[in-house]
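Q: Can you read through this structure? Questions will come right after.
The values are calculated or read from the model by the stated rules, or taken from the named source; none is laboratory data. Please read all numbers here as calculations on a predicted model, not as lab measurements. Cβ atoms come from the backbone with ideal geometry, glycine included; neighbour counts cover every protein chain shown. When the accessible area is computed, the model is the full protein with side chains, heavy atoms only, and any ligands, DNA or RNA have been set aside. Shrake-Rupley method; radii C 1.70, N 1.55, O 1.52, S 1.80 Å.
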Amino acid sequence: FAVLGDRSIRAAVAAEAAAKQGQFWPYHDKLYEIQAQEGRAALTDDRLRAVAADLSLEVEAFNADLGNPELARRVVGETDQARRQGVQRTPTIYVNDNKIEGAIPYSQLKPIVERNLAGGR
């Protein structure tokens with residue numbers, strides 16, 4: 001869910017490009033670290049490529065995927081779909097019809113999942 005505008009969409013495409021090389025979570029974590037320290041303005045294309053190089057991704061393939069319009073369409077489409085479903089922030093989790101916004105501890109999430117597995121809401 002690219003919630004922060006164009007740079008967020010670009011960063012999400014970059015994360016998808018990293019995922020194609022099995023490195024989604026390390027790439028994701030590094031982007032959040034950069035954003036927390038420097039703000040989203042730091043997530044330029046040059047910086048996105050530098051993160052890929054730092055993680056030893058195959059840079060040529062990463063760059064091709066970063067420029068892949070299909071990946072960009074998918075990110076925008078998923079963001080639009082999330083907005084239509086009422087998502088306004090991350091994380092948002094749906095457990096059946098239960099919408100849970102914000103990070104909650106496992107100890108709070110577990111009973112919700114268990115209730116739903118048992119047929120309750």
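Q: May I ask you to verify whether PHE1 is open to solvent by 60 Å² or more (accessible area, probe 1.4 Å) and either touching a residue at least 40 places away in the same chain (Cβ under 8 Å) or assigned to a loop (DSSP other than H, G, I, E, B) (or both)? Outline the logic, then answer.
A: Numbers: open to solvent by 60 Å² or more (accessible area, probe 1.4 Å): yes; either touching a residue at least 40 places away in the same chain (Cβ under 8 Å) or assigned to a loop (DSSP other than H, G, I, E, B) (or both): yes.
Taking the combined requirement at face value, the residue satisfies it.
Q: Under the condition of being hydrophobic (A, V, I, L, M, F, W, C) and in a helix (DSSP H, G or I), which residue from the range 30-45 is most open to solvent (accessible area, probe 1.4 Å)? Spell out the reasoning first.
A: Restricting attention to the range 30-45, the residues satisfying the condition of being hydrophobic (A, V, I, L, M, F, W, C) are 31, 34, 36, 41-43.
Imposing the further condition that a residue be in a helix (DSSP H, G or I) reduces the set to 31, 34, 36, 41-42.
Details: LEU31: 14, ILE34: 5, ALA36: 87, ALA41: 69, ALA42: 18 Å².
Out of the qualifying residues, it is ALA36.
Q: Checking ALA72 against (1) under 12 Å from PHE1 (Cβ atoms); (2) in contact (Cβ under 8 Å) with a residue 60 or more places away in the chain; (3) open to solvent by less than 50 Å² (accessible area, probe 1.4 Å); (4) not hydroxyl-bearing (Ser, Thr, Tyr), which test does it fail?
A: With (1) under 12 Å from PHE1 (Cβ atoms); (2) in contact (Cβ under 8 Å) with a residue 60 or more places away in the chain; (3) open to solvent by less than 50 Å² (accessible area, probe 1.4 Å); (4) not hydroxyl-bearing (Ser, Thr, Tyr) applied to ALA72, the lone miss is (1).
Q: Can I ask one more? Conditions: (1) at pLDDT below 95; (2) open to solvent by less than 60 Å² (accessible area, probe 1.4 Å); (3) more than 22 Å from GLY102 (Cα to Cα). ALA14 meets all but one. Number of the miss?
A: (1)
Q: Here is a further query. Looking only at residues that are open to solvent by less than 40 Å² (accessible area, probe 1.4 Å) and in a strand (DSSP E or B) in the range 75-102, which one is nearest to ARG7 (Cα to Cα)?
A: Narrowing the range 75-102 to residues open to solvent by less than 40 Å² (accessible area, probe 1.4 Å): 75, 77, 79, 82, 86-87, 92, 95, 100, 102.
So of that shortlist, the ones also in a strand (DSSP E or B) come out as 92, 95, 100.
Numbers: THR92: 20, VAL95: 29, ILE100: 26 Å.
Looking at the filtered set, the residue picked out is THR92.
Q: When only residues in the range 103-121 that are among the aliphatic types (A, V, I, L, M) and assigned to a helix (DSSP H, G or I) count, which is most open to solvent (accessible area, probe 1.4 Å)? Give the derivation first.
A: Residues of the range 103-121 among the aliphatic types (A, V, I, L, M): 103-104, 109, 112-113, 117-118.
Filter once more, so that each one left must be assigned to a helix (DSSP H, G or I): 109, 112-113, 117.
Numbers: LEU109: 40, ILE112: 31, VAL113: 54, LEU117: 146 Å².
It comes out as LEU117.
Q: Is there a residue in the range 51-62 that is of a type outside the set (A, V, I, L, M), free of Cβ contacts under 8 Å to residues at least 24 places away in the same chain and part of a strand (DSSP E or B)? Lay out the reasoning, then the answer.
A: Applying the first criterion (of a type outside the set (A, V, I, L, M)) to the range 51-62 yields 54, 56, 58, 60, 62.
Remaining after also requiring free of Cβ contacts under 8 Å to residues at least 24 places away in the same chain: 56, 60.
Filter again for part of a strand (DSSP E or B), leaving none.
Within the range 51-62, none of the residues are of a type outside the set (A, V, I, L, M), free of Cβ contacts under 8 Å to residues at least 24 places away in the same chain and part of a strand (DSSP E or B).
Q: Would you check which residues across the range 87-109 are over 17 Å from the mean Cα position of the chain (by Cα) and on the phi > 0 side of the Ramachandran plot and list them?
A: Of everything in the range 87-109, just one residue is over 17 Å from the mean Cα position of the chain (by Cα) and on the phi > 0 side of the Ramachandran plot, namely ASN96.
Q: Please state which of the following conditions ILE112 fails to meet, knowing it meets all the rest: (1) closer than 26 Å to VAL13 by Cβ; (2) over 17 Å from the mean Cα position of the chain (by Cα); (3) touching a residue at least 12 places away in the same chain (Cβ under 8 Å).
A: Of (1) closer than 26 Å to VAL13 by Cβ; (2) over 17 Å from the mean Cα position of the chain (by Cα); (3) touching a residue at least 12 places away in the same chain (Cβ under 8 Å), only one is false for ILE112: (1).
Q: Can you tell me which condition TYR27 does not meet? The list is (1) surrounded by 11 or more Cβ atoms within 10 Å (Cβ to Cβ); (2) outside any helix (DSSP H, G or I); (3) not hydrophobic (A, V, I, L, M, F, W, C), and all the others hold.
A: Result: TYR27 passes all but (2).
Q: I've got another one for you. Just need a number here: residues in the range 52-69 that are surrounded by 12 or more Cβ atoms within 10 Å (Cβ to Cβ), of a type outside the set (A, V, I, L, M) and within 19 Å of TYR32 (Cβ to Cβ).
A: 1
Q: Now for a different question. What number of residues within the range 19-64 are more than 16 Å from the chain's Cα centre (by Cα) and at negative phi?
A: The total comes to 21.
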